[in-house]
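Worksheet: one structure, shown below.
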Amino acid sequence: MNKTNSIGVFDSGYGGLTVFKSIIKELPEYNYIYLGDNARAPYGDHSFETVYEYTLECVEWLFAQGCPLVILACNTASAKALRTIQQKVLPIKYPNHRVLGVIRPTAEVIGNYTKSNTIGVMGTRGTVNSNSYPIEIEKFYPQLKVVQQSCPMLVPLIENNEHLTSGADHFIRKYLEELLGNAPDLDCILLACTHYPLLIPKLERLLPKEISLISQGEIVSASLAQYLRNHPEIVDKIGQQGQRLFYTSGDTTVFDTNASLFFEQTVQSKQVHLLR
Ligand code: DGL
């Protein structure tokens with residue numbers, strides 16, 4: 001058995017690093033490979049077919065690097081590609097590989113964060129239009145009212161490191177006003193995009209104190225830890241030398257500079273050429 005195998009962590013760009021940071025805090029012993037498809041990010045406004053094709057290509061690349069398990073640390077990819085990969089691709093082409101997303105683990109626990117039974121969900125246009133959150137949350141908390149807000153400008157601002165500027169404030173205020181206007185009784189907002197934790201200081205300044213913000217890092221890492229406890233056959237395949245490798249389809253120098261904002265550690269990436 002090749003015990004140098006890794007857990008793959010994928011995002012369209014940098015956002016998945018906010019989840020990866022929590023994963024390595026919770027599970028530091030495993031080997032990991034992070035892949036950011038920065039050359040083709042953001043995914044938020046791409047069609048279902050395009051997000052599926054890009055995500056599948058990245059997942060297959062991670063499989064080829066020796067990742068028996070891949071986490072889609074991206075809500076847009078989880079919303080638009082995960083189900084098809086799990087149901088149509090894995091059983092036929094990769095029966096021994098697993099791919100997990102971030103929506104289901106979040107939906108499983110979200111009810112614990114609200115007292116008013118109304119939550120806001122901020123995400124990309126792709127995530128919001130897929131309706132994945134209302135559908136998944138309904139299965140666990142049918143009494144919850146879920147009010148969604150699509151925020152198409154936020155990922156481009158964050159990917160370009162413009163999110164702390166006054167220009168970004170305009171869009172953040174606009175999205176919050178729309179959301180609170182549609183759900184005056186909400187008491188928590190799920191940041192349903194792995195890029196958004198970088199906006200937390202700004203969001204906290206703009207929101208009333210009673211409204212809490214939920215980001216997904218700890219939720220996803222706790223869920224992964226539980227998954228690994230339940231699946232020793234997967235754990236058996238993964239090396240435990242604590243290796244962390246970073247790949248981007250974009251420019252490595254730019255990636256390394258920006259990635260450190262999300263990951264809060266120095267990152268040295270290698271480039272991967274994706275074909276499509
Ligand atoms: N981090 C991705 C998410 O969680 C961003 C999607 C995008 O590339 O637009 O949705």
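Going from the residue with the fewest nearby Cβ atoms within 10 Å to the one with the most, C193, C188 rank C188, C193. Packing, as the average of other Cβ atoms within 10 Å across residues, places the peptides 176-182, 12-18, 37-43 in the order 12-18, 37-43, 176-182, highest first. Here the chain is assigned +1 on the Cβ of each Lys and Arg and -1 on the Cβ of each Asp and Glu. Its dipole about the Cα centre then comes out at about 440 debye.
Look at T114, T4 and count the other Cβ atoms within 10 Å of each Cβ; fewest to most, that gives T4, T114.
For the stretch 96-176, a simple Cβ point-charge model (Lys and Arg +1, Asp and Glu -1, everything else neutral) yields a dipole of about 220 debye relative to the Cα centre. Selection among T4, T124, L164 by position relative to the dipole of the chain gives T4 as farthest towards the positive end (Cβ unit charges, Cα centre).
Under the convention that each Lys and Arg Cβ holds +1 and each Asp and Glu Cβ holds -1, the size of the dipole of the stretch 195-267 around its Cα centre is about 140 debye. Extending 7 Å from Cα along the Cβ direction at D45 and again at K209 yields two label points whose distance is 3.9 nm. Label separation (R229 vs T118): 3.6 nm, computed from points 7 Å beyond Cα along the C-beta direction.
Sorted on the mean count of surrounding Cβ atoms within 10 Å across their residues, most packed first, peptides 85-91, 120-126 read 120-126, 85-91. A Förster distance of 22 Å, applied to the separation of the beta-carbon atoms of Q86 and E108, puts the FRET efficiency at 0.85.
Over 20 Å apart at the Cα level, from the set K174/K202; K25/K115; K21/K145; K115/K174; K93/K237, are K25/K115; K21/K145; K115/K174. Which angle between 0 and 90 degrees, to the nearest 10, do you get for helix 166-182 versus the longest principal axis of the chain when only C-alpha atoms count? The angle comes out at about 70 degrees.
Think of the chain as a dipole: +1 on every Lys or Arg Cβ, -1 on every Asp or Glu Cβ, centred on the Cα centre; then among Y14, I33, L179, I33 lies furthest on the positive end.
Against the chain, whose longest principal axis is taken from its Cα atoms, helix 48-64 shows a tilt of about 40°. The length gained by stretching the chain between Q241 and N160 to full extension, at 0.36 nm per residue less their Cα-Cα distance, is 25.8 nm. Can you compute the helix-only [θ] at 222 nm over the chain? Use -39500 (n - 2.57) per DSSP H run of at least 4 residues, normalise by all residues, nearest 500 deg cm²/dmol. Estimated from H runs of four or more residues: -12500 deg cm²/dmol. Rounded to the nearest 10 degrees, the angle from helix 252-263 to the longest Cα principal axis of the chain is 60 degrees.
Bear in mind that the values in this text are calculations on the coordinates, not laboratory data. Since the structure is predicted, the reported quantities are computational estimates derived from the model, not experimental observations. All Cβ positions, even for glycine, are placed from backbone atoms using ideal geometry, and neighbour counts span all protein chains on display.
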